[in-house]
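Bear in mind that the values in this text are calculations on the coordinates, not laboratory data. All values reported here derive from a predicted model rather than from experimental measurement. All Cβ positions, glycine included, derive from the backbone under ideal geometry; neighbour counts span all protein chains shown.
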Amino acid sequence: MDSTLTVGFFGALFAIMNPITNLPVFLSVTEGLSSADQRKVAAKVTIYCLILGGAFAAIGNQALGLFGISVDDLRVAGGLVVLMIGLNMLSGNQSTTHHGTEDEKQSYPEPDTVAFYPLAFPILVGPGTITTLILYAHHITKPVDAMLYAGVFLVVLLLLFVTFWNASALAKRLSANARVIMSRFMGMILSAIAISMIADGLKVLLPGLA
């Protein structure tokens, strides 16, 4: 995994799990909890994301093999999922892929039980995150690649933890305009990365296009 892939992995993962744009979601589902309880939820969310993300990264390729799906199939299908998420961010809409439908939102459990569902899954570790983890894990060929991969994932989780841990304080200082700008910018980055995923997959599946 060279520096370009490492930076691309960080960009894709940060854009999808973006702590800033997901901060309002965290605040809304933990509404009514004290700051101390919100911090407990933040810690649990981070741990759940680590477990889920690590599991998909470790066994994702093997799971694909069981269903007869190649990495290039996933690049195209997953790229389309990531593209939809990016386009929704650009247009200012929440993606139902990650945030759930209106009916699903109404079935969310009480605030003190939301650490796993819906925060960790599917909002933070949803189809887009899973696809990104599996695709970039495919580029691990030596121990240093695994270290870079794990380092990027842990850095994103650390940023997520710090943001949610300080959610109450950040909510008072982060304006709505700042969140909108961040969402639009990350949406553009995510859309560009998704196009690259789709193009790489199509080059292999349909060589004539290359």
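Using a cutoff of 8 angstrom between alpha carbon atoms and counting only pairs six or more residues apart, the relative contact order for the chain works out to 45 percent. For the chain, a Gaussian network of Cα nodes joined below 10 Å ranks ILE85, ILE130, ILE181 by mean-square fluctuation, and the top entry is ILE181. Residues LEU52, LEU64, arranged from fewest to most other Cβ atoms within 10 angstrom of their Cβ, appear as LEU64, LEU52. The calculated FRET efficiency for LEU209 paired with LEU154, based on their beta-carbon distance and R0 = 30 Å, is about 0.25. Here segment 3-209 is treated with +1 on each Lys and Arg Cβ and -1 on each Asp and Glu Cβ, and its dipole about the Cα centre works out to around 540 debye. The order of ILE189, ILE51, going from fewest to most other C-beta atoms within 10 Å of their C-beta, is ILE51, ILE189. Give, to the nearest whole percent, the P(r) tail of segment 1-53 beyond 15 angstrom, counting all Cα pairs. Cα-Cα pairs of segment 1-53 separated by over 15 Å account for 60 percent. If you take the Cα centroid of segment 133-210 and the Cα centroid of segment 49-98, the two points sit 11 Å apart. Label separation (ALA176 vs SER34): 3.1 nm, computed from points 7 Å beyond Cα along the C-beta direction. The mean of 1/r over all distinct Cα pairs in the chain, once inverted, gives the Kirkwood hydrodynamic radius of 17.6 Å.
Most tightly packed first, judged by the mean number of other beta-carbon atoms within 10 Å of their residues, the peptides 14-22, 114-122, 146-154 read 14-22, 114-122, 146-154. Taking the C-alpha atoms only, the angle from helix 71-91 to the longest principal axis of the chain is near 40 degrees. A Gaussian network model of the chain, with springs between Cα atoms under 10 Å, assigns the largest mean-square fluctuation among SER34, SER191, SER168 to SER34. Can you tell me the orientation of helix 3-17 relative to the chain, as the angle in degrees between its alpha-carbon axis and the longest Cα principal axis, to the nearest 10? Value to nearest ten degrees: 40. Between helix 19-29 and the chain, what is the angle of the helix's C-alpha long axis to the longest principal axis, kept within 0 to 90° and rounded to the nearest 10? Once rounded, the angle reads 50 degrees.
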